[in-house]
Each structure stands twice: as structure tokens, then as C-alpha cells.
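Notes to accompany the following structure.
The values are calculated or read from the model by the stated rules, or taken from the named source; none is laboratory data. Remember, predicted model here, so these are calculated numbers, not experimental data. So basically every Cβ, Gly included, is an ideal-geometry build from the backbone, and we count neighbours across all protein chains shown. Remember, those area values only see protein heavy atoms, side chains included, never the ligands or the DNA or RNA. Shrake-Rupley method; radii C 1.70, N 1.55, O 1.52, S 1.80 Å.
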Amino acid sequence: MTNVLIGIIILIAIIYILINNKIIVKKNKVNEAYGSIDVYLKKRFDLIPNLLAVVNKYAAHEKDLLIKITELRSKTENTIKPKETISSANEMSSLMKSLQATIENYPDIKTDRQFLILQYNLTDIEEQLSAARRAYNAAVTHHNDTIQMFPANFVAGIRRDRPYKILETPQEEKKNIDAKNILS
Amino acid sequence: MEQADIKTVYQNLKKDLAIALQQKKMIMKKQKIVYITYAIFPILVIGYLTYIFVVNNTLQTAIYIDGEYQRTSKNIYYYFVTAIFAFYFFYKGLVNSFTKEFSKFKKIENEAILKMVEQLFPSFQFSQEQQVSLQQVKASKIFNWIADNDNMHTYGTIKNTHDGIPVHIADIGILHKKDLSGLVAIPYMGQLTVLYQLIEPIKYTFSKKTADNLLYSFRGMFCSANFPKRLVGHTLVLPRSIATKADRWIVEYIEDEPVRLEDVRFSKHFLVYTTDQVEARYVLSTSLMERIVEFKKRSGQNIMLSFLHNTIYVAIENTEGIFSFPSGDVSSMKVIEEIVAQVSLTKYIVQDFNLNRKIFKPFNTQKDEV
């Protein structure tokens with residue numbers, strides 16, 4: 001009887017260790033995915049001053065928008081909390097879109113080689129950022145699925161693991177395209 | 001894509017195609033004879049083995065002749081051996097004669113295909129001599145089962161430009177050598193393996209494919225073009241099947257991992273493996289995933305894709321090949337229509353996968369072509 005009890009305890013311990021490790025792996029994947037978002041945000045962050053400098057040469061009248069972007073950049077620089085970082089990043093995305101729409105009114109800028117390079121890089125980074133968000137959401141879904149399902153939910157309860165929140169698409173990206181705004 | 005009128009091409013090549021298709025009919029009949037003859041060989045071998053193990057060893061029979069017992073098995077043994085040798089030489093002669101006629105047919109078929117492609121697509125650079133190397137196909141990482149000692153044949157290559165995007169396609173056949181040597185160590189598996197290898201070709205007796213197409217592990221289109229994104233790792237899109245999963249499981253291929261994508265329609269048809277989860281999603285944007293599903297529907301075949309550096313590789317399975325006649329009793333018109341349908345897919349590779357995306361590229365794209 002004692003041997004059976006010891007056997008059951010060892011089995012439970014092994015199962016606990018395996019599930020615990022699985023949760024840790026999933027958690028690390030979420031952190032890794034968040035790290036990727038951070039890298040692309042940093043890349044975009046570094047690109048903004050150069051872009052603003054070039055735009056300023058041709059579209060100095062759009063001071064309000066340029067100041068807004070500069071202020072938000074400074075604000076983001078001091079942000080530490082992930083939630084705030086993501087919120088600032090979303091705000092920045094919508095401002096960058098407004099900037100691109102504004103640039104349409106200045107045809108001269110499109111002949112500037114430096115601007116074209118920066119615009120290409122910015123578009124590329126935005127695409128990478130979008131991919132990083134999707135990868136993060138996939139990692140979060142994996143993690144949440146794991147900790148909410150039996151028997152891992154018991155282990156997660158002991159570990160006090162909470163589900164992560166999925167990143168929502170910025171409201172600006174959800175909006176329908178306003179052709180009038182773009183074509184005007 | 002410049003393409004001549006199918007009816008005009010048909011009128012020009014009606015005679016040539018009729019001769020080639022007649023030749024094909026004849027060769028298919030002979031192929032059937034070769035395989036039926038081959039089917040007799042295992043019967044002889046099994047008969048002989050039965051004799052050795054059952055009659056000679058356990059059921060030794062003797063007949064009482066002239067006051068003494070005489071074993072009859074010796075005569076039967078000689079009959080069997082003589083029959084096997086006689087059959088072997090007869091079969092070898094038959095195969096030699098078939099091989100010669102088959103080569104003649106392939107020459108006629110190639111000439112007809114060349115004329116067809118040249119007339120149908122005058123602006124294309126078509127070649128039946130240029131060979132794509134096995135290493136080039138292996139480098140795409142689509143076929144992780146390719147071994148260095150496998151054989152590959154290129155039936156034809158086309159270089160063309162769609163919307164300013166150069167696309168290279170090749171009609172290839174990969175012959176993967178199955179390594180069954182490991183089975184020999186298991187008791188009786190050696191004998192069973194030999195027996196299987198003897199019996200396996202009998203199934204080809206009923207095949208409508210020509211002999212050269214019977215043994216390929218992959219036959220179809222292999223295509224490469226520049227992809228308008230910069231990639232560091234690789235991402236593979238493979239058909240969702242047990243075979244794909246088994247391949248990834250059996251072959252040691254640990255540099256990439258599976259990706260679970262959010263597009264349900266896409267995931268129903270494909271499995272994705274990548275070295276970088278973010279890069280896989282960067283490559284497979286939601287719109288591209290939709291286009292890949294549409295392209296699969298359009299082609300009606302198994303399609304496999306690989307995104308590596310700045311190149312997209314597309315493999316489209318077609319067990320009859322692009323630059324060969326379709327199997328079965330087909331008309332000359334059908335032959336022309338099939339080639340047009342297959343070659344036209346390259347146009348859709350550019351359009352559907354958005355390779356002609358008009359973007360300013362401040363860097364020189366590295367060319368990695370077939």
C-alpha cells in the first residue's frame with residue numbers, strides 16, 4: 001500500500017514538473033514575441049527623426065502634425081510599461097498614416113531619394129511590426145490555451161499564472177478607408 | 001504574356017501531333033506487354049522458393065521405380081532453373097527493344113513539344129537541354145527528403161518575364177532512392193523486402209502513365225522568382241497531409257518549427273514551417289494567404305512554396321509533367337490546351353503572389369534563380 005502511494009506521489013510530481021515546464025516555455029515564447037515587437041518599435045523610433053527632418057524640408061506648413069509626432073516620440077522614449085508602450089505605438093501608427101496622407105499634397109517630396117528610402121524602410125518596418133503583433137497574439141493564445149485547459153489549469157493556479165491579453169488592432173487600422181481623404 | 005492562338009497552333013501542328021500521339025499509343029501497348037511479362041517472373045520465383053522450402057525439405061517425395069525409391073525433385077529443380085534463366089534472357093531482350101522504341105518516342109514527343117511551345121509562346125526562352133541541378137532544388141528546402149544520391153531529370157525550362165518580373169520555371173522529375181537496407185537486420189525482413197521489390201513493379205501494369213513517369217517521387221513544375229521582401233531565414237508552405245507531417249517527423253529537420261496561422265481557410269490546406277515566427281507572418285500576410293488558397297484552387301494540384309532570402313520557390317505537383325503528353329487517349333487539341341494551362345500558371349504566380357508590387361527598392365536584390 002505504501003509503495004502504491006509513493007508511486008502515485010512520484011507520478012503526480014513528474015506530471016507537475018512536465019506541465020510546469022510546458023507553461024514556462026509558453027510564457028517565454030510570449031516574452032520573446034513581445035521582445036520582437038519592441039525591436040521593431042525601436043527601429044521605427046530611430047527612423048522617425050530622419051523622416052521628420054526630410055518632411056520638414058518640403059512640408060514645413062504641417063508643423064502641428066510634425067510636433068505631435070515629435071512629442072509622442074519623446075513620450076514613448078520614457079515609457080517602460082508594456083501596456084503604455086503598445087498604446088503609444090498604436091497612436092504613433094495612426095499619426096504616421098496621417099503623415100503619409102499629408103505628404104500626398106507635396107509632390108516634390110516624392111522625388112527626394114532620401115525620402116523614398118525612408119518611406120520604403122518605414123513601410124517595411126510597419127509590415128514587420130504587424131507580423132510581430134500577429135506572432136505575439138499567437139504566442140499568447142498558445143499560453144492561454146495551455147493554462148486554461150485541464151490538467152494544466154491546476155498547475156497554473158498554484159503558480160498564479162494569469163492569461164495574457166491579446167493585442168487588439170489599432171482603431172485607426174480597423175476604420176474603413178476614407179477614399180475622399182486620400183484622394184483629396 | 002504573349003500567347004498565340006491555340007486554334008492556329010493546332011492547325012500548324014496537327015500532323016506532327018497526330019504522329020506523336022499514334023507513337024504514344026503504340027508505346028503504351030508495348031509497355032503493358034513488358035509489365036505483364038514481368039509479372040510472370042515473381043510467379044516463377046515464388047514457385048521455385050515454394051519448391052525449395054516446402055517440397056524439397058519437408059515433403060520429400062519419392063516414387064518406387066524398378067524396385068527402388070527415386071526422388072523426382074531433381075528434375076523439377078532443373079526445369080525451374082532453366083525456366084528462370086530462359087525467362088530472364090527473354091525479358092531482357094524485350095526490355096532492350098522497348099527501351100530503344102521508348103527513346104525514339106521521347107525524341108518525337110520532345111520535338112512536338114518544342115514546336116508547340118515555340119509557336120504558343122514566341123517570347124519565351126524555352127530549352128530542353130538546360131538542366132536544373134538537384135542541389136538547386138534541394139536548396140529551396142521544399143523537398144527535405146532529397147538525398148545527394150537521388151536522381152533528377154529536367155524535361156524543359158522556360159525563362160520569361162511577367163509585368164517586369166523574371167520567372168524561371170522547370171519541368172522536373174525527382175527519383176528518390178528508398179533506403180531499405182536498415183530492414184535487412186530484422187529477421188525475415190530482408191527476404192520480404194526483396195519479395196516486395198520484385199512484386200512492386202507489377203502495379204505499373206495498370207498505369208496509364210509512360211514508363212519515365214512511373215517512379216518519380218515528385219514530378220511537376222519547379223519555379224523561382226524574386227520576392228519583394230528581405231528575408232533572413234526561411235518559411236515553407238507545404239500541403240496539409242499526413243505524409244508531410246510524417247516527412248518532418250522522420251527526417252531530422254530541426255532548424256524550423258511549425259507555425260499556427262490565424263487564417264482558417266489557409267490552415268485547412270497548408271502546413272507552415274519556419275525558422276522565425278515573426279518572419280513567417282511578415283511573409284505570409286493575410287492577403288497573401290488568401291491568394292495562395294486561390295492559386296491552389298486555380299491549379300487544382302498540390303502546391304508547395306518556399307520563401308528564402310529574397311526568392312520565392314513554387315513547386316506544383318503534376319504527375320504527368322508540363323512538357324510531356326498527358327496520359328490516356330487524348331486528342332491533339334487537349335495536348336495543346338494542357339500545355340497552355342500549365343504554362344499560364346506562371347503568370348498567376350506573379351499576379352496572385354503580388355510579386356509585381358510596385359515599390360521603390362533602395363537595395364540591389366540578390367538573384368537566386370533556377
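Okay, here's what the table says:
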item: Any chance A:GLU168 is without any contact (Cβ under 8 Å) to a residue 40 or more places away in the chain, under 25 Å from the mean Cα position of the chain (by Cα) and closer than 19 Å to B:VAL278 by Cβ; result: yes
item: Where a residue in segment A:108-122 is within 11 Å of another protein chain (Cβ to nearest Cβ) and over 16 Å from B:PRO228 (Cα atoms) and its partner, wherever it lies, is part of a helix (DSSP H, G or I) and not hydrophobic (A, V, I, L, M, F, W, C), with Cβ under 7 Å and at least six apart; result: A:LEU118/A:ASN50
item: Any chance A:ARG73 is surrounded by fewer than 20 Cβ atoms within 10 Å (Cβ to Cβ), out of contact with any Pro (no Cβ under 7 Å at 6 or more places or on another chain) and in contact (Cβ under 8 Å) with a residue 12 or more places away in the chain; result: yes
item: Hits in segment A:20-56 - residues which are surrounded by 14 or more Cβ atoms within 10 Å (Cβ to Cβ) and either touching a Cys at 6+ places or on another chain (Cβ under 6 Å) or among the basic types (Lys, Arg) (or both); result: A:LYS22, A:LYS26, A:LYS27, A:LYS29, A:LYS43, A:ARG44
item: Residues located in segment A:128-164, provided they are of a type in the set (Asp, Glu) and open to solvent by 50 Å² or more (accessible area, probe 1.4 Å); result: A:ASP145
item: Set B:LYS159, B:LYS177: member being open to solvent by 40 Å² or more (accessible area, probe 1.4 Å), touching an Asp or Glu at 6+ places or on another chain (Cβ under 8 Å) and among the basic types (Lys, Arg); result: B:LYS177
item: Filter result for B:TYR188 (touching a Gly at 6+ places or on another chain (Cβ under 6 Å) and away from every other protein chain (no Cβ under 14 Å)); result: no
item: Qualifying residue in segment B:224-247 (condition: within 14 Å of chain A (Cβ to nearest Cβ) and open to solvent by 40 Å² or more (accessible area, probe 1.4 Å)); result: yes
item: Which listed residue, of A:ILE80, A:ILE182, is over 12 Å from the mean Cα position of the chain (by Cα), modelled with pLDDT under 80 and either assigned to a loop (DSSP other than H, G, I, E, B) or within 14 Å of chain B (Cβ to nearest Cβ) (or both); result: A:ILE80
item: Options B:PHE102, B:PHE143: the member that is of a type in the set (Phe, Trp, Tyr), over 30 Å from B:LYS245 (Cα atoms) and buried (at least 16 other Cβ atoms within 10 Å of the Cβ); result: B:PHE102
item: Selection count, segment B:271-330, where residues are in contact with an Asp or Glu (Cβ under 7 Å, 6 or more places away or on another chain) and under 15 Å from B:ARG219 (Cβ atoms); result: 9
item: Matching residues in segment B:178-235 - criterion: being within 14 Å of the chain's Cα centre (by Cα) and at positive phi; result: B:GLY220
item: Hits in segment B:118-132 (condition: open to solvent by 50 Å² or more (accessible area, probe 1.4 Å) and of a type in the set (Gly, Ala, Ser)); result: B:SER123
item: Unmet requirement for A:ASN105, which otherwise passes all of (1) closer than 27 Å to B:TYR282 by Cβ; (2) at pLDDT below 80; result: (1)
item: Pairs with Cβ under 6 Å, 6+ apart, first in segment A:28-40 and at the interface with chain B (Cβ under 10 Å from one of its Cβ atoms), second of a type in the set (Gly, Ala, Ser) and surrounded by 16 or more Cβ atoms within 10 Å (Cβ to Cβ); result: A:LYS29/A:ALA139; A:ALA33/A:ALA135; A:ALA33/A:ALA139; A:SER36/A:ALA132; A:ILE37/A:ALA132; A:TYR40/A:ALA132
item: Subset of segment A:126-152 [of a type in the set (S, T, N, Q), within 9 Å of another protein chain (Cβ to nearest Cβ) and touching a residue at least 12 places away in the same chain (Cβ under 8 Å)]; result: A:GLN128, A:ASN137, A:THR141
item: Given (1) closer than 30 Å to A:SER130 by Cβ; (2) surrounded by 15 or more Cβ atoms within 10 Å (Cβ to Cβ), index of the condition B:ALA170 fails; result: (1)
item: Single match in A:LEU52, A:LEU41 (criterion: more than 30 Å from A:HIS143 (Cα to Cα) and assigned to a helix (DSSP H, G or I)); result: A:LEU52
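Yes/no per residue for (1) among the aromatic types (Phe, Trp, Tyr); (2) modelled with pLDDT under 70:
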site	(1), (2)
B:GLY321	no, no
B:GLU337	no, no
B:VAL340	no, no
B:VAL343	no, no
B:PHE360	yes, yes
B:THR365	no, yes
B:GLU369	no, yes
